Amino acid sequence: MRCPGCNGSLLKERHRYVEFDVCRDCRGIWVSGEQFHKLAVLVASEGNVPSSAKLTFKPRKVLRPAKEQYHIRSCPQCNAAMREFNYAYDSNIFLDRCDTCKGIWLDSNEIIDIAKHIQYNPEVNDAARGLLKNDAEQTTEYIGYIIMVLSVLFRLLLLKR
């Protein structure tokens, strides 16, 4: 197969249980639709991806593919025209998909960008823990308030006797 980016040769590779093709010249990746998510999750889980937690809560403008800058690429597997799309709608990572065979083309380093987008972030985990802690504190305050009200009611009942 030939690379849709630079026309170089694609070489079969296997990383653990995921198979894909890599261009030996531009390092782009061709992966089947079924293997794409597995590959992205595998790369994200290996921990060699710089954290993107600072971007997680930052609003970003969703971009659309720039028609004037995009040239239609041919699928390396079936030669059909591929279509550019924004991965996960708001990631602003633009990939190419073949609607015929469902394969996906990733330019060099786009797999890292995707892994950043989906990875487990300790900073995000800490933020979530902080939210849970605030909920727990509010619950504790609420329980304290209920105990106080019950003790007042109990005293009132004792005084009526």
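A few remarks follow.
- Taking residues in the range 6-26 that are farther than 14 Å from Leu42 by Cα, and partners anywhere that are surrounded by 12 or more Cβ atoms within 10 Å (Cβ to Cβ) and among the hydroxyl-bearing types (Ser, Thr, Tyr), the pairs with Cβ atoms closer than 8 Å and at least 6 places apart or on different chains are Cys23/Ser9; Arg24/Ser9; Asp25/Ser9; Cys26/Ser108.
- Test: residue in the range 110-119 that is in contact with a helix residue (DSSP H, G or I) (Cβ under 7 Å, 6 or more places away or on another chain), assigned to a strand (DSSP E or B) and at pLDDT 80 or above: no
Residue-wise test of (1) outside the structural domain of Asp107 (by TED's automatic domain parsing); (2) under 15 Å from Ile114 (Cα atoms); (3) modelled with pLDDT of 90 or more.
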position: Arg2; (1), (2), (3): yes, no, yes
position: Cys23; (1), (2), (3): no, no, yes
position: Phe36; (1), (2), (3): no, yes, no
position: Gly47; (1), (2), (3): no, yes, no
position: Pro59; (1), (2), (3): no, no, no
position: Lys67; (1), (2), (3): no, no, no
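- Within the range 79-121, the set of residues being over 12 Å from the mean Cα position of the chain (by Cα) and aromatic (Phe, Trp, Tyr) comprises Phe85, Phe94, Trp105.
The values are calculated or read from the model by the stated rules, or taken from the named source; none is laboratory data. Keep in mind it's a predicted model, so treat the numbers as computed, not measured. Counting neighbours? That spans all protein chains shown, and the Cβs are built from the backbone with ideal geometry, glycine included.
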